[in-house]
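These notes concern the structure reproduced below.
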Amino acid sequence: MKLKAGTESVAGWLLTGSLLLVLGGAAAGTLAVVEHQRPAMVRAAELAFLPKGEYLRVAVLGYRQIAADLIWLKAVQHFGERKQTTEGYLWAYHAVDVLTDVDPKFTSAYQAAGVVLGVWANLPEESIALLTKGMRHNPDVWQLPFYVGYDYFYELHDPVQAAKYLRIASELPGAPAYLPKLAARMTVEAGDPDAALEFLQRLYQQLQDERLRESLVQRMKEVIAERDIRFLEEGVRRYKARYGKLPASLNDLVTKGIIQQIPEEPLGGVYELKASEGTVASTGLRQRLRVHRHYTGGFSR
Amino acid sequence: MRQVVVIALNTFRENLRDKILYNLLFFAVLLIGFSVLLADLTIMEHQKIVTDMGLAAINLVGVIIAIFVGIGLVSKEIERRTVYTIMARPISRTQFILGKYLGLMLTLFVNILIMVVVYLATLQVYRAPVPWALLQAIELIFVELLLVTALALFFSTFSTSTLSAIMTLGFYVIGHLTTDLKGIAQKSHSEAVKAVMTGIYYLCPNLEMLNMKGQAAMGASVPLSYQAWASAYGLLYAALLISAACAVFQRRDF
Amino acid sequence: MDAILVEEVTKKFRPGWPGLPPVTALAGLSLSVHKGEIYGFLGPNGAGKTTTLKILLSLMRATSGKVEMLGKPAGDLEVRRRIGFLPEAPYFYDYLTAEEFLAFYGHLAGLERGELSRRIDHLLEVVGLRDARTRQLRKFSKGMLQRVGLAQALIHDPELVILDEPMSGLDPLGRKHVRDLILGLRDQGKTVFFSTHIIPDVEMICDRVGIIVKGKLMASGRVDELVSHGHTQSVEIVCEGIKADEVPSITALATRVLQRGRHCLVALPEPNQLEDVLAMIRARGGRLVSVTPQKGSLEELFFKEDDMTVSVRSDTKV
């Protein structure tokens, strides 16, 4: 046997190489199929089957932070899904609850989960539960009570509670200067769309995430629509008081000089007069926000 | 084929006469027993704790055997120079690798079998249900172990035992995280990052696809087609590693 | 057809670190071993003996050159059925018993059950391990391991037996045992190729010798050819019943006279004085025990080629 790096060994390499390529391709292809076939239930359930935080805390030995980080990575993906179900959000909530048991100082997890659950998921109680848990372990972080304030004010329509949390936030180090004034407005002018608008704007400035910000812009537009509707209904009342009957259309308010012009509807719809009841509705706003109907400082749920 | 069987049986015998194996097996039985104790201490969910911990013990001990016996399969033969006398026989290096792999496969199978028997007996004592999903989960654990063994064998054909152990352990951990890495990559705005991450994703073994311990303990089975595809994936990946191991081993000097 | 044919084989090891020069272990080694002979492959430590054996058994690939065994290229699987190999300082599966150990290698060599058990019985008898049959190898002494290793190399009755340092680390009895075994193999018509760095091993039993130094074959041929370079041979006489150091005529001729109890050793520089000295011993009433000619030229060759400046007296025992 002539032991030279000749054609024989080149052929050998080629053969081995192509065998490996074929096997590798087959493995990757199968992985794609498996991934696709993995039932959605199983995928989402990965989070639901997390052990209780108190057990996990012991089980991960000294590696609590990294364990928390890993669970966070999983939870973040569930937050990020475009199409999200309440179930999915609840799983994510469970995950964050567990991971903050493992690492109670993980403040960004409380914050992000708190905002997402409040702003997107319409799960204010879960949001508040996480945020107040965060406050217990991290009493110095002003953002946590600030977000609780949001949940109370906007999602639970409880300006009194909202103001209470804003005041807690305002006393913490690093809290922005506008907080005490905002807290005062919450109580005094509860239900005032302008106060709500300011709160939303402040929150908007706090958040970096574009998609969260989009949601807030949407909320702000809804508040503006609500404010416009209220303005127009006031015009209708004045019209009725002056002429003893309801106007035939909103344009009558302008032609009779009661208002200068009909504001532009920010959501892309138009304002319409419900002639039978004398109320105004927006075609862009699916339902009027309950919070703004409560003129006096009280609340109802 | 005969040569492969001779090597495999000898490897199996070597494993059987290795005290470490018995210690590990003892450890597994202890873990399963411990779950009983733990279950008694908690007020509720006896059955769930016994079910969960048993599956975890089987998986953990299996992985330890796969890694630590796996890395020694070939590197120990080289370090102790026993490979010299074997290679002087009419046996090709590929046959040798295949034999070693099959031998450990047999060892793992017997071990899993023993652990499963103990596990099922424990469940019986606790009158915990034995859903079909549990057996599915165990089958997928076995596939995972075959993959991990192949990883260990592959690394040990070209590096030292210690390095092989570290690398196998590393890939085992990565293998359970790749799905998350891919998820993160999808959110990246950089196309390059996305491409690299997707590349890594398909290159690294995805062991999470073979993991259904959580839902199995709840009795939630997966479709048979999923189980078949997942097993096929694990076995194909193992075959890839074994082929690569043979290719490397074929070309090395002792 | 030669049993082993090595032509112009070089082996360069890739350096452990990029940038370093490669290490040359074999630099154009050529040798041939005829069928039915005992060939001693002699060389100092690090000369390339083990590398050569590894290339023969294709445990290693040569960088260039041609290697054939029993007419087939090295690496041929079928030809390995006809070859037995014992590596240097072997370490075997210590969890096996002697019997299982031999059975394992017999199976690998393709022996059938009936024949295998016959061979195991026979070889355990030959290497004197019949009583250790069911003992685990971890309880074996070094000499026993060497012997069971030899049995392993012979289990399939090979035509060609390759042994790497088969006598190193053995006590004198063990060495004699191995020597007898090797001679017995030649009687059966086998070819034996063994490496060693111990010269007397070679001198006593080898038909031919090859001396490798620094990866090259420096000399090869029959032992008497290699030593017949005009060197005078010294002679050692052992006798009893006489105090030779008290005989001036003997001490005058001898290079050394040692009295050890009843025995007396007389070292002579020239064999042609042997008859005179023997006559003197007999005249004094002494009895001859043994006369040993001391061949030292192999050693001289060995050290000369190795560029070693150590001066070695030809009668030094190694």
Report task. Can you confirm whether the range C:104-111 contains a residue that is within 13 Å of another protein chain (Cβ to nearest Cβ), of a type in the set (G, A, S) and part of a helix (DSSP H, G or I)? Result -> yes
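Yes or no: B:I64 open to solvent by less than 20 Å² (accessible area, probe 1.4 Å) and assigned to a helix (DSSP H, G or I)?
On the way: open to solvent by less than 20 Å² (accessible area, probe 1.4 Å): no; assigned to a helix (DSSP H, G or I): yes.
No: the conditions fail for B:I64.
Suppose we filter C:L96, C:L108, C:L57 for residues that are within 26 Å of the chain's Cα centre (by Cα) and either over 25 Å from B:S75 (Cβ atoms) or open to solvent by less than 10 Å² (accessible area, probe 1.4 Å) (or both); which single one remains?
On the way: C:L96 fails: within 26 Å of the chain's Cα centre (by Cα); C:L108 fails: within 26 Å of the chain's Cα centre (by Cα).
Criteria check complete, one pass: C:L57.
Among the residues of the range B:205-217, write down those that are more than 7 Å from chain A (Cβ to nearest Cβ) and open to solvent by 10 Å² or more (accessible area, probe 1.4 Å). Let's see the steps before the verdict.
Taking the range B:205-217 and keeping what is more than 7 Å from chain A (Cβ to nearest Cβ), we get B:205, B:207-208, B:210-211, B:213, B:216-217.
Within the range B:205-217, B:E208, B:N211, B:K213, B:A217 qualify.
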Requested in this report: Could you tell me whether the range A:72-83 includes any residue that is of a type in the set (D, E) and touching a residue at least 12 places away in the same chain (Cβ under 8 Å)?
Outcome: no
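Any idea which of B:V4, B:V29, B:V36 is in contact (Cβ under 8 Å) with a residue 12 or more places away in the chain, surrounded by fewer than 23 Cβ atoms within 10 Å (Cβ to Cβ) and under 17 Å from C:F104 (Cα atoms)? Don't jump to the end; show me each part of the working.
Working: B:V29 fails: under 17 Å from C:F104 (Cα atoms); B:V36 fails: under 17 Å from C:F104 (Cα atoms).
Exactly one residue qualifies, and that residue is B:V4.
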**Report entry** Residue among A:Y165, A:Y243 that is touching a helix residue (DSSP H, G or I) at 6+ places or on another chain (Cβ under 6 Å) and of a type in the set (F, W, Y)
**Finding:** A:Y165
Report task. Return the total of residues in the range C:39-75 being assigned to a loop (DSSP other than H, G, I, E, B), more than 7 Å from every other protein chain (Cβ to nearest Cβ) and within 17 Å of C:T191 (Cβ to Cβ). Result -> 2
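Yes or no, residue by residue, for (1) out of contact with any strand residue (DSSP E or B) (no Cβ under 9 Å at 6 or more places or on another chain); (2) surrounded by fewer than 17 Cβ atoms within 10 Å (Cβ to Cβ):
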position	(1), (2)
A:R167	yes, no
A:A195	yes, no
A:L200	yes, no
A:E233	no, yes
A:R238	yes, yes
Query - Search result, residues across the range C:147-173 that are under 29 Å from C:I55 (Cα atoms), assigned to a helix (DSSP H, G or I) and without any contact (Cβ under 8 Å) to a residue 60 or more places away in the chain - result: C:R147, C:V148, C:A151
Requested in this report: Name the single residue, out of those in the range B:119-141 being open to solvent by 40 Å² or more (accessible area, probe 1.4 Å) and part of a helix (DSSP H, G or I), that is nearest to B:I65 (Cα to Cα).
Outcome: B:E139
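Go through the range B:237-246 and count every residue that is within 7 Å of another protein chain (Cβ to nearest Cβ) and crowded, with 21+ Cβ neighbours inside 10 Å. Can you show your working first?
Taking the range B:237-246 and keeping what is within 7 Å of another protein chain (Cβ to nearest Cβ), we get B:237, B:239-240, B:243-244.
Now drop any that are not crowded, with 21+ Cβ neighbours inside 10 Å, which leaves B:237, B:240.
Selection size over the range B:237-246: 2.
So which residues in the range A:163-212 are among the small types (G, A, S), in a helix (DSSP H, G or I) and modelled with pLDDT under 80?
Quick first cut of the range A:163-212, residues among the small types (G, A, S) only: A:163, A:169-170, A:174-175, A:177, A:183-184, A:190-191, A:195-196.
Restricting the remaining residues to those that are in a helix (DSSP H, G or I) gives A:163, A:169-170, A:183-184, A:195-196.
Matches in the range A:163-212: A:A183, A:A184, A:A195, A:A196.
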Query raised in the report: Residues in the range B:79-105 that are β-branched (V, I, T) and more than 10 Å from chain C (Cβ to nearest Cβ): how many?
Result: 2
Query - Filtered residues of the range B:218-236 (kept if facing chain A (nearest Cβ under 7 Å), crowded, with 19+ Cβ neighbours inside 10 Å and of a type in the set (G, A, S)) - result: B:A230
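The values are calculated or read from the model by the stated rules, or taken from the named source; none is laboratory data. Only a predicted model underlies this, so the values are computations on that prediction, with no experimental measurement involved. FYI the Cβ positions are ideal-geometry reconstructions off the backbone, even for glycines, and counts take in every protein chain you see. Ligands, DNA and RNA are excluded from the accessible area calculation, which covers all protein heavy atoms including side chains. Shrake-Rupley method; radii C 1.70, N 1.55, O 1.52, S 1.80 Å.
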